[in-house]
Structures are given as structure tokens and as C-alpha cells.
């Protein structure tokens with residue numbers, strides 16, 4: 001059966017929700033489904049295969065009530081004109097527009113709950129609740145599943161289905177065997193990295209909850225308490241306009257005299273290359289990751305991962321096997337594990353990398369994620 005699917009997402013950047021949307025859209029097109037995405041823009045747009053996936057631009061990034069209403073009407077007409085069977089929303093503001101459109105047109109509504117979202121008062125909680133008002137609610141991890149059960153039970157309809165579909169990554173793309181040595185050497189030259197030192201990589205948006213401050217503190221402790229100077233670190237990610245926080249981080253680097261030790265890089269086109277030039281990957285979030293994509297990508301690339309012990313990372317990292325989980329918001333413990341990995345012999349590092357790759361192949365393959373989602377779509381339409 002051919003299904004017409006419309007996914008709606010605020011922006012198509014390089015985040016986990018966005019790449020999940022991108023991967024599923026192309027998978028559906030291979031299954032002879034008509035695949036559409038509504039978004040306001042983003043860096044991933046240029047990679048979309050236009051013949052397979054149709055993109056419609058609407059201001060679905062906005063929380064402005066008037067624009068949400070405008071989007072509701074626009075999506076309603078799009079659903080009718082394109083004969084959409086399933087509308088899949090991946091964020092709260094567009095989800096309200098999709099809920100309205102699906103209610104009027106009687107189409108199936110699906111949501112993916114990508115984060116814990118702030119719910120400090122009932123109004124915010126009610127606003128978030130749109131993510132559990134669909135016929136199929138997908139949680140990206142067991143952590144998110146439990147979070148929904150615990151905090152949104154009153155909004156869950158017993159007729160609707162809540163289930164976990166782990167996010168997946170492209171195992172061929174994140175595979176060290178497929179790395180071009182020329183590209184790798186070019187990147188090392190461009191970034192002026194000393195490959196004789198241990199390269200520590202911290203990928204992720206430059207925002208407070210990703211814990212870059214803790215990471216810098218840990219590197220200072222690594223020098224002060226463990227007398228380690230044989231490393232270089234890369235903080236890789238865009239500040240997305242958060243200039244004040246970035247300035248604070250750079251101020252901290254100057255205060256600890258780590259300017260020669262830490263590089264701030266906004267973007268690298270091919271993430272597998274970034275992982276390939278590193279020896280250790282860190283995920284230092286101080287708030288729970290819904291899934292923990294960095295940890296999964298690092299393991300797929302056979303790199304040891306150190307991640308904070310909260311949220312999705314507790315499900316994606318094999319503690320003491322493919323990496324280490326450290327106490328969140330504790331730079332001293334992070335420094336301890338950084339030192340521990342630096343001291344490991346090649347054989348142990350190889351074993352860690354191997355365990356990580358096996359873990360990802362078994363649980364977090366993008367094809368498995370797409371196949372499961374497609375099967376659930378089919379069940380909805382029966």
C-alpha cells in the first residue's frame with residue numbers, strides 16, 4: 001500500500017530530530033510512498049533529494065499564535081490537495097497546527113517526543129501536551145517513554161499508542177572503514193591539530209545545558225591534578241546566536257590559560273571526519289539528553305565515549321565497556337575518566353571501540369528505526 005506522509009519540523013538543521021526526519025523521508029520514498037516535509041528552512045535542505053522528497057516552506061518555527069493559526073489552515077489545505085494519509089509532527093508549535101488540521105480532515109496524526117521540554121507551570125505543560133495528543137506517540141528512548149508516563153499521563157488517551165522507537169544513525173556513514181585518508185589529513189591540516197597528542201572532542205550546540213563550562217573546568221583539572229599536558233580539545237558546534245554564552249566560555253578558557261589547548265570550531269561538513277581525528281569523545285550535558293546522538297555516533301566510529309549519567313546516554317553507552325558514564329555536572333569526575341582513557345593501552349582502546357560499534361549495529365541502525373516507523377504507519381491505516 002502506497003502511503004502519503006507529511007512530516008512537519010521547525011527547521012532542518014543537523015540535530016537528532018532533524019536527521020531523523022531527513023532519514024525517514026528518504027526511506028519512505030524508497031518504499032514507493034509519497035514523502036513530504038514542511039519546514040521553515042535549515043542547512044540539511046541542500047542535501048534533500050528533490051525528486052524523492054518534496055519540501056514545502058512555511059513559518060512552522062514560530063510560536064506566534066497567529067502564525068500557528070495560519071500554519072493550521074495552510075497544512076489543512078496541503079493535506080487535502082496532496083491527499084496526505086499521515087501527518088507526523090516533530091515539535092510543539094507545528095504540532096498544534098497539525099492537530100487542528102488532522103482533526104478537521106480526519107487524517108492520522110503522529111508525534112515524536114524528542115525532548116523533556118520545560119514544564120515549570122501548567123500553561124507550559126499544556127502547551128507541551130500536544131505531543132501526546134496523537135494516535136501514535138513515539139518516544140526516542142526509554143527515558144523519554146518514562147518521562148511521558150510520569151508527567152503527561154492526564155493528557156494520554158487510552159485509545160492512542162505510546163511506544164519507544166530508538167533513533168538510528170547511518171551505519172555506513174558513521175563507519176571508520178569508509179573514511180577518506182586524504183580528507184582526514186586535510187582536516188588535520190586545516191584545524192592545525194597535533195596528532196601526536198590525545199585529541200578530545202566535544203560536539204554539540206554551544207548552549208549552557210550541553211555543559212561546555214564543565215568540560216573546560218575538567219580540562220583544567222586534568223592539567224592541575226593529573227599533570228596532563230599531552231592533549232588538545234575541540235569544542236565543535238554553533239552558538240546559534242548565543243554570543244553571551246560563547247564569550248563566557250572563551251573568557252573561562254583565557255582565565256585557565258587554555259587558549260593553546262582548546263579550539264572552538266563552529267561546523268565541520270562531515271561529522272565522521274571530526275570523530276575520526278579524535279581519540280576521545282565527550283558528551284557533557286548537565287540536563288538529560290532525550291537520546292544522546294553524540295554517544296551513538298562516537299561508538300559507531302569506534303571511539304571511546306565519556307557521557308554524563310543522565311537521560312538517554314544511560315541507554316546508549318555500555319558503561320565500562322564502550323566508554324564511561326560520569327556523574328553529571330561533576331567536572332572532577334569527568335577529568336578522572338579523561339585521564340583513565342588517556343592511560344589505557346592500545347588493546348583495551350581497540351576492545352572499547354569494538355564493543356561500541358557492536359552495540360550501535362545491534363540497537364541503533366537507521367534502517368531499523370525507519371522500518372519500525374513505517375510498519376506503525378501501516379498499522380494506523382488498517
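No lab work stands behind these numbers, since they all come straight from the coordinates. These figures come from a predicted structure and were not determined experimentally. Here Cβ is always computed from backbone atoms with ideal geometry, including for glycine, and neighbour counts include all displayed protein chains.
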0 to 90° range, to nearest 10: angle between helix 16-30 axis and the chain longest Cα axis: 60 degrees
Region 176-363, relative contact order [Cα under 8 Å, separation at least 6], %: 23 percent
Calculated P(r) tail over 26 Å for the chain, as whole % of Cα pairs: 53 percent
Prolate/oblate/rounded call for region 22-63, Cα gyration tensor, a/c under 1.5 rounded: prolate
Ellipticity estimate at 222 nm from DSSP helix runs (n ≥ 4, -39,500 (n - 2.57)) divided over the chain, nearest 500: -13000 deg cm²/dmol
Gain upon complete extension [residue 105, residue 258; 0.36 nm per residue less C-alpha separation]: 49.3 nm
Sorted by Cβ density within 10 Å, fewest first, the residues 209, 96: 209, 96
Burial ordering of 264, 103, fewest other beta-carbon atoms within 10 Å first: 103, 264
Euclidean distance between Cα centres, region 145-203 to region 237-264, Å: 23 Å
Likely footprinting exposure, 370, 98, fewest C-beta neighbours within 10 Å first: 370, 98
Between 0 and 90°, nearest 10: helix 212-224 axis offset from the chain longest Cα axis: 10 degrees
Using alpha-carbon coordinates, inclination of helix 243-255 to the longest axis of the chain, degrees: 10 degrees
Linear extension gain, residue 189 paired with residue 269, 0.36 nm per residue minus alpha-carbon span: 27.3 nm
DSSP-defined antiparallel bridges as percent of all bridges, region 176-363, nearest 5: 0 percent
Region 176-363: C-alpha gyration tensor shape, a/c 1.5 cut-off, then a/b vs b/c: rounded
Relative contact order (%) - criterion: Cα under 8 Å, at least six apart; region: the chain: 14 percent
